[in-house]
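Heads up, the thing below is written out as structure tokens.
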Amino acid sequence: MKQTWIQTWIKFQRLIKLLVAIMVVFTIHLAYSAPNLEIDTPAINALKSSMQARHGQLAPFYGSGAIGLTSNGLIAVRDAKALPLKDRQGINALVASENTDRSKLYQEIAVANGHPEWGSSIQDAFAGRWIDKAQTGWYYQAAGGWTQK
Amino acid sequence: MEKNILVLLLAGVLTACVTINIYFPAAAAQEAADQIIDDVWKIKEGDAKAPGAASETPTQDK
């Protein structure tokens, strides 16, 4: 009778040790699988530098309000009249290429992290951040329409 | 008996791992967005006044 009690106790102790070991493994696993999205791939870097270069052309238009940030993480022509005549032609192409790059960027990040279906969630995450980081005076799309920061 | 429990626990741990990876990591996405936007807009840390990106001449603060 006493013998079995001790055996049970030893088994119980082993079980506890096992549990602790599993918890440790699980904690380490959590720490490592937790959040860092891969954003350092050739495709992403290429899109970044293309957008970086284009920003030089776009910046004055953000400032004048000709272009605004949309609520879905893209940009749009807001007020073509704010532009000198000579710029009105080129601006649509500029906006279109920027939006192509942005859409590709969101999708590339999703793909780089093994979840192509994350594209639209990533786009949403960016949408808020673009607007938060916009300079004072720039326009962004809010619920009530274009709003100046 | 013990083996069964071990198998069960392992299965539990593995399921948990899979679950974690399925959910969209919103916080990580925001961080990634911040990094990329800072690069694209050339926003430097501690630089409240963002650069006029078109200017090629280096701005010198006195």
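Take each residue of peptide A:9-19, count the partner chain Cβ atoms within 10 Å of its Cβ, and average: the result is 1.
Which entries of A:48/A:133; A:17/B:3; A:81/A:149; A:81/B:44; A:48/A:86 have Cα-Cα distances beyond 25 Å here? Correct reply: A:81/B:44; A:48/A:86. Extension gain for residue A:97 to residue A:19 (0.36 nm times residue separation, less C-alpha to C-alpha distance): 22.6 nm. Stretched out straight at 0.36 nm per residue, the stretch from residue A:89 to residue A:71 would grow longer than its current Cα-Cα span by 4.0 nm. Diffusion of segment A:42-148 by Stokes-Einstein, at 37 °C in a medium of 0.692 mPa s and with Rh set to the Kirkwood radius over alpha-carbon pairs, works out to 229 µm²/s.
Scaling against 2.2 N^0.38 Å puts the C-alpha radius of gyration of segment A:1-91 at 2.51.
Bear in mind that the values in this text are calculations on the coordinates, not laboratory data. Keep in mind that what you see is a predicted model, and the values were worked out from it rather than measured. Using ideal geometry, Cβ is built from the backbone for each residue, glycine included, and neighbour counts are taken over all protein chains shown.
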